[in-house]
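Visitor: What follows is a single structure, and I will ask about it in a moment.
Values in this text are rule-based calculations from the coordinates and carry no lab data. Bear in mind the structure is a predicted one, so any value in this text is a computation, not a measurement. Because the Cβ atoms are built from the backbone with ideal geometry, glycine has one as well, and the counts that use them run over all protein chains shown.
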């Protein structure tokens, strides 16, 4: 984003609500497959990565994610006073996922920016369902592929969530470790994770 | 946005649900090549016979979207997909996910057992502790365990679906017997980590073979069974499976929503639930371009139920049955019947695995049938 500088504090500042990243439910394990977080399956916020041996990798992933969002034109900076009445500024946080291949080797660290969708007011958003496929449909395609000798391919659209335009007015604060100039907030032009209509995009 | 792009590219959306798409192209030599596509949020699964057509599709798509690696399918939604085009085999399994679950619950090195639950398992609400003595920690662990097993069950491990379904009824307040039943599922998983569903070219449903019915390829078949008064509160458990290419593609194990007064009535209930899903999958198959020539055969071990579906017999004790359940009659009679029931001996009824805890021999026999292994 030209002309605007978003700065990340080197030490984590404990602000921003910790929320659940709805779509991030992998089991957090280190490179030896040992579970790191007890019974909690997800690294949910920047509190969880503090003091970890791979903290710098997580922070790097965070920066990459924020950079991607900015490059895609997801946000613009607006003045706090410009928020029309009836609209709230909602918080967001980062959640993390350690992506592994089928043998359990670490492929990459991923961070994901989640808005606190619960702070959105009912009626300020439209359809919310996600386009999930039925398992029986997937299996019937697999069965047909076996019978007819079709080849199965996979498709992965990067940032599919983040492509959709945000039709509603949504204002957010960035998570604790990122700081905007005082009195400024971000307006979303594209949907980010955990906004109510996000999955429908 | 993604959906709109697909429609513009010439895909047809089935069901109007924005999930499953198909595109057919007639080539010069009258043969048809097609792409089948199913989207799961930002992941997709595509099946295609023609590599050039697929390459064109990927090229067109990467112009407008940022596609990451889109090679052959190996890994989909936490499950492993293996394919062998020469032999015509597609295999779904979840070994890595199963290992993760076992590690999470510290059952990695437990003793394997042969069945996911004890024979004739009956879990009762009376084993739950009183509400004021409920231990939040125990409840949370139990819920996490069942959630983890539930995902296994609905993707590739239908063999434990009865056991998981039984345990899942006590999510809010599990007692000691429920916890040990849930642990038993993990013991079973530990011994069968690599098990999965295998679809084979030309494979036929063994239950259909046993009655001498031959079907063309790409035809569905099904079996439905019920355990009368087998669950809490004298409800029955219904279970059914729908098979294609030698293994099941859809299955269910559920406590019935009403109390039935005879075994026939409970079987009737499960047949009707199965028939509804058969009809749905028949539509899907037809939209995918694989016409269902004959009515779908449903295996059933209760003669009275077969007569009842045909519309004859036992009226006095069946007249109270809900109209909704009678819908299956409409599917089974008329000029173009969609389902057809046939009699099969009780011990060869594969859907038995979804209705009760079976002893080892019967369990393994049915598992071979439904998983195609």
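Visitor: When chain B is treated as a GNM, springs tying every alpha-carbon pair under 10 Å, which of B:360, B:91, B:214 comes out with the largest mean-square fluctuation?
Guide: Of B:360, B:91, B:214, the most mobile in the Gaussian network model is B:214.
Visitor: Expressed in nm to one decimal, what extension gain is obtained for the pair residue B:82 and residue B:194 from 0.36 nm per residue of sequence separation less their Cα-Cα distance? Intermediate results must be reported in sequence, preceding the final value.
Guide: Details: separation 112, 0.36 × 112 = 40.32 nm, distance 1.21 nm.
Length gained between residue B:82 and residue B:194: 39.1 nm.
Visitor: What residue among B:65, B:105, B:363 shows peak mean-square fluctuation when chain B is described by a Gaussian network model with Cα springs under 10 Å?
Guide: Judging by the Gaussian network model, the answer is B:65.
Visitor: Taking chain B as a Gaussian network, Cα atoms linked when under 10 Å apart, which of B:68, B:221, B:262 shows the biggest mean-square fluctuation?
Guide: Checking each option, the largest mean-square fluctuation is seen for B:68.
Visitor: Semi-axes of the equivalent ellipsoid for chain B, please: Cα gyration tensor eigenvalues, times 5, square-rooted, ordered largest first, whole Å. Could the numbers behind the result be given before it?
Guide: Numbers: eigenvalues 252, 173, 72 Å².
Over the Cα atoms of chain B, the semi-axes work out to 36, 29, 19 Å.
Visitor: Another question, then. Could you give the length gained by full extension between residue B:63 and residue B:172, i.e. 0.36 nm per residue of separation minus their alpha carbon distance, to one decimal place? Could you put the intermediate results ahead of the total?
Guide: On the way: separation 109, 0.36 × 109 = 39.24 nm, distance 4.96 nm.
Between residue B:63 and residue B:172, full extension yields an extra 34.3 nm.
Visitor: Round to the nearest 0.05 the FRET efficiency obtained for residue B:31 and residue A:103 when R0 = 41 Å and r is the Cβ-Cβ distance.
Guide: Once the sixth-power term is evaluated, E becomes 0.55.
Visitor: Still on this model: Report the paramagnetic label zone for residue B:211: residues of the stretch B:333-373 whose backbone N is under 16 Å from a point 7 Å from Cα along the Cα-to-Cβ axis.
Guide: B:333, B:337-352
Visitor: How many Cβ atoms of partner chains, on average, are near each residue of B:277-289 if near means within 10 Å of its Cβ?
Guide: Details: counts 1, 0, 0, 3, 5, 0, 0, 5, 3, 0, 0, 4, 2.
Other-chain Cβ atoms within 10 Å of each residue's Cβ, averaged: 2.
Visitor: Measuring from the lowest to the highest alpha carbon on each principal axis, how far does the stretch B:99-187 reach, largest first, in angstroms?
Guide: Extents along the principal axes, in whole Å: 36, 28, 24.
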